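Input: a single structure, listed below in structure tokens.
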Amino acid sequence: MAGNQRKIEREERREQRERKHKLIVWIVIAVVVLALIIMKICEVNVNSIKDRFTDANGNFTLTEGVITDNFPFSLDASQNVIVTDFNNMLGVLTPNSFTVLESKEASVNYAFEHGYSNPVLSTEGVYSLVYDQGSNNYRLDTTSQAVYEEETAKPILCADVAKNGTVALATTSKEKLCDVTIISKALKEEWSFGISDGYIVDIALNDSGKELAVAVVNSENAELVTTVYTYRAGGSSTGEVQLPSGTLAKIKYSGGNIWTVGDTYLGVIKKGEYVSVFEQGSINTNCYSFTSSGDLLIAYGGYSNSTDCTLSYVKSNGKVKTDISLAANIKDVSATAGLVYVLTTDEIISYNYKNGEEKNRYDNNDSVKSICALGSSVYTHKQSVIDKK
């Protein structure tokens, strides 16, 4: 009897353990099912949850929510790299590709390989234009997707994109010296005309794409002369202005005015008239950067290869507001809201460009080729990487 009693008690304890195990299993299943239902309702991706709790080596971690960046970011080339502010992101053009980087973490927002022999980049607003200078291909993209890729009948000399996605193309011509074609973002030809007065060296659209400036070089009395012709939508001419002698680096609209940046001069075209900021021969332009409001930061020396440089803040009306003197050669400048970053051989220095006050200094070496400022950060290109200071 005692043996049977112990056997009965053992059976009861075993059944209790089994019931307890089953209860635990059902509770776990219920929790999992409830979690899946909640994630389904909230459209939570299970893999993203797993990724958040997995480190770079695939190991489980509880540091979910800790954000790390990917700087330095590796490039597919070290030479002929352009890094620019593209709608508050980094637009990076290399001989092989174009990449849009989210600047905080260096995550790739959009990228493509272009396959162009001589790629040139123009950006405005959310649009980027990459074209193969001297060849026939070009493409329009946004910060996140392709708009179109097209081919011209004649080689492209230069091009520009407006804030609304309108593209201006200057090409060689069969009947004249050059042709100009204005194309909408829907790839519709809006207007076009030919030029026989010389060869186009630069072209610029205003924000709306309704006004156009074309810089043309020809020869007069054995000297090269640069003339800027202006047009309104439809191709009707609105004026022409002859620039000082020297090499034109850039024309760019700022409101109703047009910047004319030369290698040895600086001026503004206002109401069809040229207004000199720095007389021809008074400066040797090193580099320049436009602010988001259309003003200009220009670095220059008094003569070629000067080791002493001046950085001037010039309003879009042509008025010089601030001069900053540096006992160093300025390799690059990049402007952001209220600040300008200056690249020298061994330092990066930031200034409040409105009053000339120095704000910060960063150690540097000669391997840094260019800089790009975004917000309160500055990004450097050296060798085949982009890094963040």
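The values are calculated or read from the model by the stated rules, or taken from the named source; none is laboratory data. A quick note: this is a predicted structure, and the numbers were derived from the prediction, not measured. Cβ placement follows ideal geometry from the backbone for every residue including glycine, while neighbour counts extend to all protein chains displayed. These accessible areas exclude ligands, DNA and RNA; they are computed on the full protein's heavy atoms, side chains included. Shrake-Rupley method; radii C 1.70, N 1.55, O 1.52, S 1.80 Å.
Surface composition of segment 160-230: carbon plus sulfur atoms contribute 44% of the solvent-accessible area (1.4 Å probe, protein chains only, all chains present). For segment 169-226, the set of chymotrypsin sites (Phe, Trp or Tyr not before Pro) satisfying both a DSSP loop assignment and a count of at most 15 other C-beta atoms within 10 Å is empty. Derived scalar couplings between HN and Hα for segment 219-233 equal 10, 10, 6, 6, 10, 7, 10, 10, 10, 9, 9, 10, 9, 10, 3 Hz in order, rounded to whole Hz, by the Karplus curve 6.51 cos²θ - 1.76 cosθ + 1.60 (θ = phi - 60°), x for Gly and Pro.
Full extension of the segment from residue 323 to residue 306, taken as 0.36 nm per residue of separation minus the current Cα-Cα distance, would add 4.4 nm. Once the Cβ-Cβ distance of residue 242 and residue 176 is raised to the sixth power relative to R0 = 22 Å, the FRET efficiency obtained is 0.60.
The string of couplings for segment 296-307 from the Karplus curve (6.51, -1.76, 1.60, θ = phi - 60°) is 10, 10, 10, 9, 8, x, x, 7, 4, 6, 5, 8 Hz, one whole number per residue in order, with x for Gly and Pro. The fraction of accessible area contributed by carbon and sulfur in segment 271-389 is 41 percent, rounded to a whole number (1.4 Å probe; ligands and nucleic acids excluded). Remark: for residue pairs 163/388; 271/315; 250/369; 104/331; 270/331; 331/359, the C-alpha separation exceeds 23 Å in 163/388; 104/331; 270/331.
Probing with 1.4 Å while keeping every protein chain in the model, the per residue accessible area of segment 133-179 equals 44 Å². Of the trypsin sites (Lys or Arg not before Pro) found in segment 173-207, the ones in coil according to DSSP and having at most 15 other Cβ atoms within 10 Å of their Cβ are 174, 176, 188. For residue 196, the solvent-accessible surface computed with a 1.4 Å probe is close to 70 Å², ligands and nucleic acids excluded. Heavy atoms of the protein chains alone define the surface here; on that basis segment 201-297 has 44 Å² accessible area per residue at 1.4 Å probe size. When its C-alpha radius of gyration is set against 2.2 N^0.38 Å (N residues), segment 137-224 gives a value of 1.14. Each 10 Å bin from 0 upward holds the following percent of the Cα-Cα pairs of segment 228-277: 26, 56, 17, 1.
3J(HN,Hα) along segment 311-316, derived from phi through the Karplus expression 6.51 cos²θ - 1.76 cosθ + 1.60 where θ = phi - 60°, amounts to 10, 10, 9, 10, 5, 5 Hz, with x in place of Gly and Pro. The gain in end-to-end length when the residue 275 to residue 222 segment is fully stretched comes to 16.5 nm, 0.36 nm per residue minus the alpha carbon separation.
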